Amino acid sequence: MNQKEILFDYILHLADNSMIIGQRNAEWCGHGPVLEQDIALTNISLDLIGEARSLYQYAAEIKGGGATEDSLPFLRDVLQYRNLLLVEQPNTDWAYTIVRQFFFDVYHYYLNKMLIEHSNDTRLKEIASKTIKEATYHLKWSSEWMIRLGDGTDISKSKMQTAVEELWDFTGELFLESATEQAAAQAGFGISPSSIESYWREKVAEILEEATLTIPEKGFAQKGGKTGIHSEHLGYILAEMQFMQRAYPNLEW
Amino acid sequence: MTNKEWPLWEVFIRAKQGLNHKHVGSLHAADYQMAIENARDVYTRRLEGVSIWVVESKYIHANEPSEQDALFDPASDKIYRHPTFYVLPEELNHM
């Protein structure tokens, strides 16, 4: 891949993460446990999809050839998606949703912080500067739910611990450097995920401890999302998300 | 397990610096921290405010509606309580 292709692929990875977890959270719309949290999660979902939009716009400019902020999310298939496996995992219940969000929020926060501090790409820095404010709030929100439910009743604690155990398998991938990430870090616009790992582990340990939850000891990591090898869930997400554009090409609101 | 509803909170938002907090509505939350966050999501999504107060509804006390006459009517015929019986200097524009 040349520099332009690496930049494009790297931006897609960032955009797809936010797009897919935003889409997952949007599934809660109208189904939240209480009205206030339904609105809170939908807000977060919109923040993330908004961030993805800025990134897709940038990616489309780099790609050229008629690519748009719509064609990138709505007309690519599973193998071309670059998101982490973590973000495509099903909502299951409120505990899974919170734990998935929390693991992602910690990663998302530090990644954007690093982009602001180290990226040599002005546009990526600008998008990250806008995103970090939202990511800060998301992290606060999910951390508080981790603590509230982890250090809550016996039932809430056991549900949270189960979700932590199950989703832990998908956290290893966060720090497994893909060829694109390596090249992006070398070129100076991207961040090597290994540089975020210690921050992530420290923050997760801090919140889990406060939440009286146990950090799983297993080191096994599900991987592949960054290079397009996804779990079976992504196909269903895309089927729903892309239905309108597939059924009615070029449809506009 | 008790199936208790979260308590009700009243939300007050300051629209911008210098203005006072105004009651905007109410919501349910388990504690004040959650109430502030819920208020942020429910009531400030469209740039409505720069500051949030929440008060648990049970701590707001109101007058008895049956006392309406005794409390408020006596003020209705005492226009001399309004400072309108003297002429202001012209330079005073914002009284």
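B:P7 falls short on exactly one of the conditions (1) within 14 Å of chain A (Cβ to nearest Cβ); (2) closer than 19 Å to A:Y137 by Cα; (3) surrounded by 10 or more Cβ atoms within 10 Å (Cβ to Cβ), and that condition is (2). Of the set (1) away from chain A (no Cβ under 11 Å); (2) open to solvent by 70 Å² or more (accessible area, probe 1.4 Å); (3) among the aromatic types (F, W, Y), all apply to B:F12 but (2). With respect to the conditions (1) open to solvent by 40 Å² or more (accessible area, probe 1.4 Å); (2) under 22 Å from A:V164 (Cα atoms), A:D77 falls short on a single one, namely (2).
Restricting the search to region A:136-186, which residues are within 14 Å of chain B (Cβ to nearest Cβ) and among the aromatic types (F, W, Y)?
If we filter region A:136-186 for residues that are within 14 Å of chain B (Cβ to nearest Cβ), which is where we start, we get A:136-149, A:151-159.
Answer for region A:136-186, where residues must be within 14 Å of chain B (Cβ to nearest Cβ) and among the aromatic types (F, W, Y): A:Y137, A:W141, A:W145.
Screening the candidates A:L55, A:L46, A:L72 for the property of being at pLDDT 95 or above, out of contact with any strand residue (DSSP E or B) (no Cβ under 6 Å at 6 or more places or on another chain) and within 14 Å of chain B (Cβ to nearest Cβ) yields one hit, A:L46. Considering every residue within region A:29-51, establish whether at least one is surrounded by fewer than 16 Cβ atoms within 10 Å (Cβ to Cβ) and farther than 30 Å from B:Q33 by Cβ. Within region A:29-51, none of the residues are surrounded by fewer than 16 Cβ atoms within 10 Å (Cβ to Cβ) and farther than 30 Å from B:Q33 by Cβ.
Taking the criterion of being open to solvent by less than 60 Å² (accessible area, probe 1.4 Å), at pLDDT 95 or above and out of contact with any helix residue (DSSP H, G or I) (no Cβ under 7 Å at 6 or more places or on another chain), the only residue of region B:15-30 that qualifies is B:H21. Residue count for region A:205-253, restricted to those that are over 21 Å from A:I21 (Cβ atoms), outside any loop (DSSP other than H, G, I, E, B) and among the basic types (K, R): 1.
Of all residues in region B:49-95, those satisfying the criterion of being small (G, A, S), more than 18 Å from the chain's Cα centre (by Cα) and either outside any helix (DSSP H, G or I) or surrounded by fewer than 10 Cβ atoms within 10 Å (Cβ to Cβ) (or both) are B:S66, B:A75, B:S76.
Taking (1) crowded, with 24+ Cβ neighbours inside 10 Å; (2) within 13 Å of another protein chain (Cβ to nearest Cβ) in turn, A:L14 satisfies each apart from (2). Selection of first residues in region A:71-91 that are farther than 23 Å from A:E177 by Cβ and of a type in the set (F, W, Y) and of second residues that are at pLDDT 95 or above and surrounded by fewer than 18 Cβ atoms within 10 Å (Cβ to Cβ), restricted to Cβ pairs under 7 Å at least 6 apart or on distinct chains, gives the following pairs, ordered by first then second residue: A:F74/A:Q242.
The values are calculated or read from the model by the stated rules, or taken from the named source; none is laboratory data. The structure presented is a predicted model; accordingly, all values stated were derived computationally and were not measured. Positions of Cβ are generated from backbone atoms using ideal geometry, with glycine treated the same way; all protein chains shown enter the neighbour counts. Accessible surface is based on the protein model in full, side chains and every heavy atom, while ligands, DNA and RNA are left aside. Shrake-Rupley method; radii C 1.70, N 1.55, O 1.52, S 1.80 Å.
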